[in-house]
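Everything below concerns the one structure shown next.
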């Protein structure tokens with residue numbers, strides 16, 4: 001799959017960083033509550049070196065969630081205000097989808113956002129789900145022509161118990177996203193060990209902040225980038241921080 005492609009000397013020339021998982025749009029989910037909070041988050045993101053953000057409000061079937069039209073409208077309004085205030089961050093739209101059985105039909109009906117209108121879909125699961133459930137669900141989505149990306153892979157106990165299961169998903173063509181905080185180590189030693197193993201085996205594909213506000217769950221990536229550049233080749237660090245995501249951002 002294209003996200004496995006390694007660069008040449010891209011890591012040494014990287015000038016951009018992408019966040020593919022961020023709850024930054026105001027009033028759409030449990031993320032930013034107001035435009036003012038969104039703008040604070042965008043300024044923080046810019047200070048952290050983030051240049052591109054895919055806004056991914058939650059989509060949970062059976063609950064009141066923002067649909068594609070509302071997500072696009074809100075993103076456009078935020079981008080216009082960010083441009084007016086000269087905040088150098090480009091926004092793209094998507095959803096973080098809590099998997100449910102009719103997901104594929106909703107995607108075909110365009111009732112849920114893919115990432116930047118591509119075939120890539122950011123999918124999460126309840127932490128208690130079994131590995132077989134997660135594997136079969138992602139395989140089913142992939143079988144209908146979409147490219148599933150597993151959100152915050154470090155949160156699932158079934159993967160933490162055996163990192164090789166993540167390798168199985170990767171071999172199936174599933175994209176794997178890790179949260180920056182998990183790589184830094186602020187989420188605990190078990191998660192830190194898991195994320196380091198994922199990096200050493202080149203099983204991770206994307207980094208996201210999973211930011212929700214400007215106080216506790218913030219759009220921070222500098223520390224994560226420093227860890228990646230210390231532990232990984234420049235090519236792989238660049239792919240994680242921007243190169244792989246660029247293939248989503250450019251597919252408009």
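Descriptive notes on the structure:
- Kirkwood Rh and Cα Rg combined as Rg over Rh, evaluated for the chain: 0.93
- Value of [θ]222 nm, deg cm²/dmol, for the chain, DSSP H segments ≥ 4, -39500 (n - 2.57) each, nearest 500: -11000 deg cm²/dmol
- Residue among 90, 214, 186 with the largest mean-square fluctuation in a Gaussian network model of the chain, springs linking Cα atoms under 10 Å: 186
- Result for the chain in a Gaussian network model with C-alpha springs under 10 Å: among 215, 84, 197, the largest mean-square fluctuation is at 84.
- With the cut-off at under 20 Å, measuring from each backbone N in segment 164-181 to a point 7 Å along the Cα-to-Cβ line of residue 119 picks out 169-177.
- Stretching the chain fully between residue 101 and residue 132 yields a gain of 9.7 nm (0.36 nm per residue, less the alpha carbon separation).
- Considering segment 106-214 at the alpha-carbon level, its Rg and Dmax are found to be 13.8, 42 Å.
- Potential lengthening between residue 144 and residue 196 on full extension [0.36 nm per residue; Cα-Cα distance subtracted]: 15.5 nm
- Values of log10 I(q)/I(0), in the order q = 0.11, 0.19 Å⁻¹, for segment 49-145 under a Debye, Cα-only, solvent-free model: -0.38, -0.92
All of the numbers you see were taken from the coordinates with simple rules; none came from a lab. Since the structure is predicted, the reported quantities are computational estimates derived from the model, not experimental observations. All Cβ positions, even for glycine, are placed from backbone atoms using ideal geometry, and neighbour counts span all protein chains on display.
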